[in-house]
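Here, each number is a calculation from the coordinates, and none is a lab measurement. Note that the structure is predicted; figures quoted are calculated from it, not measured. Methodologically, a virtual Cβ is constructed for each residue, glycine included, from the backbone with ideal geometry; neighbour enumeration extends over all protein chains shown.
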Amino acid sequence: MLQLLSCLLFVALASGFGQTSYSLSSRVVNGEDAVPFSWPWQVSLQYEKNRTFYHTCGGSLIAPDWVMTAGHCISSSLTYQVVLGEYDRSEKEGSEQVIPINAGDLFVHPLWNSNCVSCGNDIALIKLSHSAQLGDKVQLASLPPAGDILPNGTPCYISGWGRLYTSGPLPDKLQQALLPVVDYEHCSKWDWWGSALKKTMVCAGGDSRSGCNGDSGGPLNCPAADGSFQVHGVTSFVSAFGCNTPKKPTVFTRVSAFNDWIEETIANH
């Protein structure tokens, strides 16, 4: 059976939902530096080790005090913080908002199984210890309607601070790459992802451009009819044979399959 590699790395205002205030340049593998703050809902999820915090995953700010990320990014044994308004991790740019996370405010989907990433449900919500301050550099992501399925070839963008290539370095600057959607019919073929792909997932990219370790939990940003962007995916896994393996597009948790769980979790906490 084809081995899977999760992308987790442990070393190493309301009317403006989904709007980018900066024009897009148009790493992630074979991506490019994003225009600063062009994905204003992007967050860096960081964990503490020896009194220092390290980037481990991405995430999306979906409410002033809630972040969406991947289930495999969360461990109950670790202490986390999120950084909003981040672009270049090597510099203090003055836009950063560092928000601690309380241990009891990590909500992983109840059906997530850490021993079976291909079983799906790789999604989690994080309640911030205080609300984010919204502005042009920190904005809320817009989520798609429940059940929404993107057509093949939809031009989406992955964004994150994941490795620039398989086993490569982490970038300082936020990376982006154009990843067209690969529909379920194509991506579930036996020589693509086969039975590892579930209908609660979405594929995008493949071959030369892909997500990689450290991009996990971050957004798949896809255009809406009004010109804004919606976060249709949560970065989940790539092939064990490499981040940009042919016929193995990056796999994302399909957000539109989890609207009810997201709404219920937020309402109950």
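With unit charges on the beta carbon (Lys/Arg positive, Asp/Glu negative), name the residue among I99, S228, H130 whose Cα is farthest towards the positive pole of the charge dipole of the chain.
Projecting each Cα onto the dipole axis, the largest value belongs to I99.
Which percent, to the nearest 5, of DSSP beta bridges fully inside segment 141-256 are antiparallel?
95
Given R₀ = 35 Å, FRET efficiency for S167-E96 by Cβ-Cβ distance, to 0.05?
0.80
Using θ = phi - 60° and the Karplus curve 6.51 cos²θ - 1.76 cosθ + 1.60, what whole-Hz ³J(HN,Hα) does each residue of segment 121-130 get, with Gly and Pro shown as x?
For segment 121-130, the Karplus-derived couplings read 6, 7, 8, 8, 10, 10, 8, 6, 5, 8 Hz, x marking Gly and Pro.
Given labels modelled 7 Å from the Cα in the Cβ direction, how far is it in nm from H130 to N259?
Spacing of the two 7 Å Cα→Cβ label points: 3.4 nm.
All other residues with a Cβ under 13 Å from the Cβ of P100 taken together, and with Lys, Arg as +1 and Asp, Glu as -1, what is their net charge?
-2
Which value in nm describes the separation of the simple spin-label points at C119 and T79, placed 7 Å from the Cα toward the beta carbon?
3.2
Based on DSSP H runs of at least 4 residues, each adding -39500 (n - 2.57), what is the mean residue ellipticity at 222 nm of the chain after dividing by all its residues, to the nearest 500 deg cm²/dmol?
It lands at -1500 deg cm²/dmol.
List, in order, the whole-Hz ³J(HN,Hα) value for each residue of segment 230-240 obtained from phi through the Karplus relation with A = 6.51, B = -1.76, C = 1.60 and θ = phi - 60°; use x for Gly and Pro.
Working through the residues one at a time gives 10, 8, 8, x, 10, 4, 10, 8, 10, 6, 5 Hz.
I need the phi-derived Karplus couplings for segment 244-260: 6.51 cos²θ - 1.76 cosθ + 1.60, θ = phi - 60°, integer Hz, Gly and Pro marked x.
10, 6, x, 6, 10, x, 4, 9, 10, 5, 7, 4, 5, 8, 10, 3, 4
Nothing charged except the Cβ atoms of Lys and Arg (+1) and of Asp and Glu (-1): what's the magnitude of the dipole of segment 141-256 about its Cα centre? Round to the nearest 20 debye.
Using Cβ point charges on Lys, Arg, Asp and Glu, segment 141-256 gives about 240 debye.
Using the reciprocal of the averaged 1/r over all distinct C-alpha pairs, how large is the Kirkwood radius of the chain in Å?
The Cα-based Kirkwood calculation yields 17.9 Å.
So what is Rg over Rh here for segment 42-91, counting just Cα atoms and using Kirkwood for Rh?
Ratio of gyration radius to Kirkwood radius for segment 42-91: 0.95.
So for segment 151-220, Kirkwood radius off the Cα pairs, Stokes-Einstein at 25 °C and 0.890 mPa s: how many µm² s⁻¹?
Rounded to a whole number, D works out at 192 µm²/s.
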